[in-house]
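Notes follow once the structure below has been shown.
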Amino acid sequence: MKNILLVFCLLAAGTGFVRAGGLTLASHGKSGYVIIIPEKATPVEKKAADEFRRLFALSSSVELPVCTDARRPSAREIVIGNTSRSNSAADTSGLQQDGFVIRTDRKSLSIRGGSEKGVLYGVYTFFDKYLGYRCYSPTVFKYPTLAKVTVAAGIADRQVPVNLYRNVFYEVADDPFYADWHKLDHMKPDWGMWVHTFAQLLPPDRYFAEHPEYYALVDGKRVGMQADGHLCAQLCLTDPDVLETVVENLGDRMREQPDALYWSVSQNDTYAEHGYNCACPSCRELDEQAGAPSGSVVAFANRVAARFPDKMISTLAYRYSRTAPKGIRPADNVNIMLCDIECNRHRPIETDPTSRAFRTDFEEWGKIAKSILMWDYVIQFSNLMAPYPNLRTLQPNMQYFVRNGVTAQFQQGNISKGGEFCELRPYLVARLLWNPDVDIRAELADFLSGYYEEAGPHIAAYIDLMHDELEKSGLPLTIYGKPYDHYEKGYMRPELFARYEVLFDEAEKAVVSKPDVLERVRVARLPLTFSLFEIAKARGTAEDRVFEQADGRWRVRPEITTLLDDFHALCNKVKIRHFVEGGVSPDEYCRQTREALEAATRK
Ligand SMILES: [Zn+2]
């Protein structure tokens, strides 16, 4: 019996188990409750209380008073932060920066948090989880109108994220309210320098002329720049003056941002197969000892880290440096930023045979590094607008990362406005970053019915069909692919395209009387239209959905010209910025597409 009781108590404490009975926080526009904050509340506690008050008023029409704990306790209190109230004795140890605990007893509610934004996250989670508020996007925020605001007694909901750093690199996350609602981190203030920093710490235009030996020896020559003339080459990581100069320049930057903990000392980006890393005898010796070019990278990061024992020095395991070194391990204050840019997305990384080499590298890093940030990619990079059925891999990948020691994640999507499902994907990724074991099917269904309303089931069917067909095809889904890759045998086959079109016709019909929602559906449809244009460019006049013959000559079908005009207008109306990262605006894309289609008719 004792054991049974113990199990019951553990369940009650650990899973947010709720006892019978409940609290009526407001009824028909009236409430006897008061918000209590500490007399010396921190800015986050004040904000958390203000946000509670503001959000509560939305559904209840009640403006709750906010008082400090200097006031005599009363029966009905909503206690926010570390107050002197007895019911705030809830255990806050182990909440770290962002964790929180939400508790209710028979009459009061309390929300406390960790050392940074925990209490604010607790407030937002309370409204999301217990009262049904949703922030689907910065412009679509939903809440119920409640005659009675009730919450169960006996809630003991303690949440501490497994990912301490949660960055969703999507335009929506630039919105401060959205970011806080979804418990996301941004680079600042924690990160002083982010990535690809060799060129900033030792700029070739400043040092190369006088000190070519600071830079990589590539094919027998010291080079400051890569062959493209745009990206910088890597540094000679065993040159003692390189270390001293980098330490000096980094120290200057640290003095300007003393609060930043993480400082990137990491290789420059490269688009070529060649890493432009140094092949001088001493760099090569380190790399050979380590069995991988990461040998000199980790040795250098460790030396820099030794000069700044109170900071975390972050370095990349990316492309040429992705394989973990042998015989050397990153210092305790070195963070490894590991990138899975080569991995396919048609299957989870953990089970995809084509990701075997990545898995080996990842698991080896997991054995030697104390701090790993996963740099993951969740969108088709070469065509941000392309249909990209990777949603089923999001959760297994996230679970795999965390199981192998990842505690920080940068989830790279599309930072400029637009791209396929640019509200849905960051929403799901944010939920997974907080809790990789969340019921993702339920989250997906909730988003689709909340954001697309009556069109939701049709879009759900579209997503399911496309994912099913990708899986059936067995074709790889890469981050550098294009719709035509899946045209002949994959999920972009014409007969499937026709079915997708029917689903979107039904979706639009379902919300035809709601202009705002209809626009969201039409935006979700843009990738499908985009894929038709791209396939037509690849196939030329063989693509009879786009081209036809009239009077013995090829021409673009008039309805396609109209479709492109509508596509162009909608892209501009909703301010989509880029079709590929950093370039190609809708105006440029549509002009190029018109020209390409016209050119195809002349071939
Ligand atoms: Zn060297």
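In the list Y377, Y427, Y388, Y451, which residue meets the criterion of being aromatic (F, W, Y) and within 30 Å of G295 (Cβ to Cβ)?
Details: Y427 fails: within 30 Å of G295 (Cβ to Cβ); Y388 fails: within 30 Å of G295 (Cβ to Cβ); Y451 fails: within 30 Å of G295 (Cβ to Cβ).
The unique qualifying residue is Y377.
Are any of the residues in the range 219-234 in contact with a Leu (Cβ under 7 Å, 6 or more places away or on another chain), assigned by TED's automatic domain parsing to the domain that holds A317 and within 16 Å of the ligand (Cβ to nearest atom)?
No, there is no match, as no residue in the range 219-234 is in contact with a Leu (Cβ under 7 Å, 6 or more places away or on another chain), assigned by TED's automatic domain parsing to the domain that holds A317 and within 16 Å of the ligand (Cβ to nearest atom).
Given the condition open to solvent by 10 Å² or more (accessible area, probe 1.4 Å), over 24 Å from the mean Cα position of the chain (by Cα), over 29 Å from Q97 (Cβ atoms) and within 16 Å of the ligand (Cβ to nearest atom), answer yes or no: does some residue in the range 255-276 qualify?
Looking for residues that are open to solvent by 10 Å² or more (accessible area, probe 1.4 Å), over 24 Å from the mean Cα position of the chain (by Cα), over 29 Å from Q97 (Cβ atoms) and within 16 Å of the ligand (Cβ to nearest atom), one finds at least one in the range 255-276, hence yes.
Go through the residues of the range 438-446 one by one and say whether even a single one is surrounded by fewer than 17 Cβ atoms within 10 Å (Cβ to Cβ), of a type in the set (A, V, I, L, M, F, W, C) and assigned to a loop (DSSP other than H, G, I, E, B).
Yes - at least one qualifying residue is present in the range 438-446.
Which number in (1) within 28 Å of D376 (Cβ to Cβ); (2) of a type in the set (A, V, I, L, M); (3) within 15 Å of the ligand (Cβ to nearest atom) marks the one condition that A279 misses?
Looking at each condition in turn, A279 falls short on (1).
Using beta carbons and a limit of 7 Å, which pairs, at least six apart or on different chains, have the first residue in the range 277-299 and within 12 Å of G327 (Cα to Cα) and the second one of a type in the set (D, E) and more than 7 Å from the ligand (Cβ to nearest atom)?
As it stands, the answer is G295/D287; S296/D287, since those pairs meet every condition given.
Taking only the range 176-200 into account, find how many residues are touching a Leu at 6+ places or on another chain (Cβ under 9 Å) and away from the ligand (no atom under 16 Å from the Cβ).
Keep residues of the range 176-200 that are touching a Leu at 6+ places or on another chain (Cβ under 9 Å), which gives 178, 180, 182-185, 189-193, 195-199.
Then drop every residue that is not away from the ligand (no atom under 16 Å from the Cβ), which leaves 178, 180, 182-185, 189-193, 195-197, 199.
Total meeting the criteria: 15.
Quick test for you: out of D241, D252, pick the one residue that is within 16 Å of the ligand (Cβ to nearest atom) and open to solvent by 20 Å² or more (accessible area, probe 1.4 Å).
Answer to the selection: D241.
Output the number of residues of the range 300-315 satisfying the condition of being open to solvent by less than 10 Å² (accessible area, probe 1.4 Å) and either within 18 Å of Y215 (Cα to Cα) or among the basic types (K, R) (or both). Lay out the reasoning, then the answer.
Narrowing the range 300-315 to residues open to solvent by less than 10 Å² (accessible area, probe 1.4 Å): 300-301, 304-305, 313-315.
With either within 18 Å of Y215 (Cα to Cα) or among the basic types (K, R) (or both) added as a condition, the list becomes 300-301, 304, 315.
Counting residues in the range 300-315 that are open to solvent by less than 10 Å² (accessible area, probe 1.4 Å) and either within 18 Å of Y215 (Cα to Cα) or among the basic types (K, R) (or both) gives 4.
Among the residues of the range 202-209, are any within 16 Å of the ligand (Cβ to nearest atom) and either among the hydrophobic types (A, V, I, L, M, F, W, C) or surrounded by fewer than 11 Cβ atoms within 10 Å (Cβ to Cβ) (or both)?
To start, the set of residues in the range 202-209 that are within 16 Å of the ligand (Cβ to nearest atom) comprises 202, 204, 207-208.
From the residues that got through so far, the ones that are either among the hydrophobic types (A, V, I, L, M, F, W, C) or surrounded by fewer than 11 Cβ atoms within 10 Å (Cβ to Cβ) (or both) too are 202, 208.
Checking the range 202-209: at least one residue is within 16 Å of the ligand (Cβ to nearest atom) and either among the hydrophobic types (A, V, I, L, M, F, W, C) or surrounded by fewer than 11 Cβ atoms within 10 Å (Cβ to Cβ) (or both).
The values are calculated or read from the model by the stated rules, or taken from the named source; none is laboratory data. Remember, predicted model here, so these are calculated numbers, not experimental data. All Cβ positions, glycine included, derive from the backbone under ideal geometry; neighbour counts span all protein chains shown. When the accessible area is computed, the model is the full protein with side chains, heavy atoms only, and any ligands, DNA or RNA have been set aside. Shrake-Rupley method; radii C 1.70, N 1.55, O 1.52, S 1.80 Å.
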